[in-house]
1. Just to be sure I understand the filter: pairs with C-beta atoms under 9 Å, separated by 6 or more residues or on different chains, first member in the range 173-188 and at pLDDT 95 or above, second member assigned to a strand (DSSP E or B) and hydroxyl-bearing (Ser, Thr, Tyr). Which pairs pass?
2. So which residues in the range 20-38 are touching a Lys or Arg at 6+ places or on another chain (Cβ under 9 Å) and either within 15 Å of the ligand (Cβ to nearest atom) or not in a loop (DSSP other than H, G, I, E, B) (or both), if there are any at all?
3. It is to be established whether one or more residues within the range 140-151 are farther than 22 Å from Met64 by Cβ and either surrounded by 13 or more Cβ atoms within 10 Å (Cβ to Cβ) or out of contact with any His (no Cβ under 7 Å at 6 or more places or on another chain) (or both).
4. Check Ala159, Ala164, Ala137 and return the single one that is buried (at least 20 other Cβ atoms within 10 Å of the Cβ) and not assigned by TED's automatic domain parsing to the domain that holds Gly39.
5. Contact list please: Cβ distance under 6 Å, first residue in the range 225-246 and within 18 Å of Pro148 (Cα to Cα) and at pLDDT 95 or above, second residue surrounded by fewer than 21 Cβ atoms within 10 Å (Cβ to Cβ) and among the acidic types (Asp, Glu), pairs at least six apart or on different chains.
6. Could you count how many residues in the range 226-248 are within 13 Å of the ligand (Cβ to nearest atom) and surrounded by fewer than 16 Cβ atoms within 10 Å (Cβ to Cβ)?
7. Exactly one of these conditions fails for Thr251: (1) farther than 18 Å from Gly325 by Cβ; (2) of a type outside the set (D, E, K, R); (3) within 10 Å of the ligand (Cβ to nearest atom). Give me its number.
8. Take the range 189-206 and flag every residue that is part of a loop (DSSP other than H, G, I, E, B) and either closer than 22 Å to Asn46 by Cα or in contact (Cβ under 8 Å) with a residue 60 or more places away in the chain (or both).
Amino acid sequence: MPEKADAVIIGGGVMGCAIAYNLAKEGLKPVVIEKSDIGGEASGANGGGVRQSARNLKEMHLAMESIQIYGQLCEELDIDVEYVREGNLRLCTSEEELETMRKSIENQKAVGLELEMLDRKQVLEINPHIGEKIVGASFCPTDGHVNPFLVTYGFFKKAKSKGARFFTHEEVKDIHLRKSKVTGVVTDKNTFETDLVVNAAGVAGRKVANMVGLDLPMRPVFSEALITEPYPPLFKQMIGHAKGLFYGRQTAHGSFFWGGFVGTEQFIHRQGKPLFHFIGPAISRMVIDYFPILKDLNVIRMWSGLIAQMSDGLPVLGFSEEVPGFVFATGFSGHGFGLAPIIGRVISELIMDCQTSISIRDFCYSRFSKGRDQECSCQGNAVCTTVTAVCPNKREWLKSI
Ligand SMILES: Cc1cc2nc3c(=O)[nH]c(=O)nc-3n(C[C@H](O)[C@H](O)[C@H](O)COP(=O)(O)OP(=O)(O)OC[C@H]3O[C@@H](n4cnc5c(N)ncnc54)[C@H](O)[C@@H]3O)c2cc1C
């Protein structure tokens, strides 16, 4: 006999867990299916950077709202997620980088972000450990970082305590449709009857979309990271690079996390495996150049993760008009962790009430299926006309049972 589920969320990464928590808080009993472990993919591989700065401006309102939720997440989830809001320094080493940064921060300030340019002396006041080549930086005081394992685990644990059910080491193999509407999910172990499926499958989001006959312009991109042995507390800011070549932070227990790109990820991905012996030293050399004080620290572990990179670098969020009951929450293009709390909230709002408190209009699937100039239905905070066709309105449904 198939099991019945109010909603099935495919993927137990931070997005799936945050969505499950928000839905369970509203009284729904969602099922989360995860083919490996909770947070076993990108959500357990990332740097924990929680930033608004240097984002695509279309995401800025989501990022700014997410920061607000991060501010009270420890209380909400009853767990210390090691959230540190001490700013993000994006370091520049040349006049050219400073100039590019100046232009970029003007655009970000125009949409309401608190951000400033600092000269070398001002950077030294905030972080006295920078190397000699640093000539300035942008500084966003409300950016920060978090422990990604604890955030994902916190959402998972709280969702479970509120009635969400989690099935790990179980893989979704197919999604059943009747007259193009979602009716169920088939895994390698079970069948679930449901009229609502959330695609929170991260880098497998394209494969899951293919299960209902849709496609996404998404490709996997390798990203590698390393962690050092612990060191006494040095600085609290999230560190970024003007050209995005590396990023990192000191963790609560003293280790330094550093991640980076060297431009050969495409090639590496084609080979199907990470190249730690190449990228590890490349990241380390950059870090030593920018923070010479760290030159004798030992790297204790390296790993790689896959980024769900969309062709336009923006996530896909909201209902599919083509397949009623199919919801997208994927394609975060390498910077989704900072957005997780707000994504959990808006996807839940959409499912419960068919509208969101904050616009997600720019992230609809129909930007690919119809083109940018087409209005998305049921994707924003305005009440939309086609909503009844694609939205099960779970709040009304809850009242009726
Ligand atoms: C090295 C690295 C560093 C990063 N650093 C940052 C950072 O500092 N700040 C930031 O904001 N973002 C960062 N990111 C990006 C961030 O990690 C992701 O945007 C975010 O974790 C995406 O969460 P998710 O839940 O969508 O995906 P995931 O965590 O990948 O979760 C998707 C889950 O779906 C499961 N799944 C897939 N297919 C199926 C199926 N058929 N059946 C069942 N389960 C399935 C997978 O096993 C996986 O666990 C980084 C990413 C990487 C790789």
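1. Lys173/Thr187; Asp174/Thr187; Ile175/Thr183; His176/Thr183; His176/Thr191; Leu177/Thr183; Gly184/Thr191; Val185/Thr191
2. Looking only at the range 20-38, we keep the residues that are touching a Lys or Arg at 6+ places or on another chain (Cβ under 9 Å), and these are 20-32.
Matches in the range 20-38: Ala20, Tyr21, Asn22, Leu23, Ala24, Lys25, Pro30, Val31, Val32.
3. yes
4. Ala137
5. Final answer for the pair search is Lys236/Glu86; Gln237/Glu86.
6. 1
7. (3)
8. Listed by number, the residues that qualify are Asn190, Thr194, Asp195, Leu196, Ala200, Ala201.
The values are calculated or read from the model by the stated rules, or taken from the named source; none is laboratory data. Computed from a predicted structure; not experimentally measured. Counting neighbours? That spans all protein chains shown, and the Cβs are built from the backbone with ideal geometry, glycine included.
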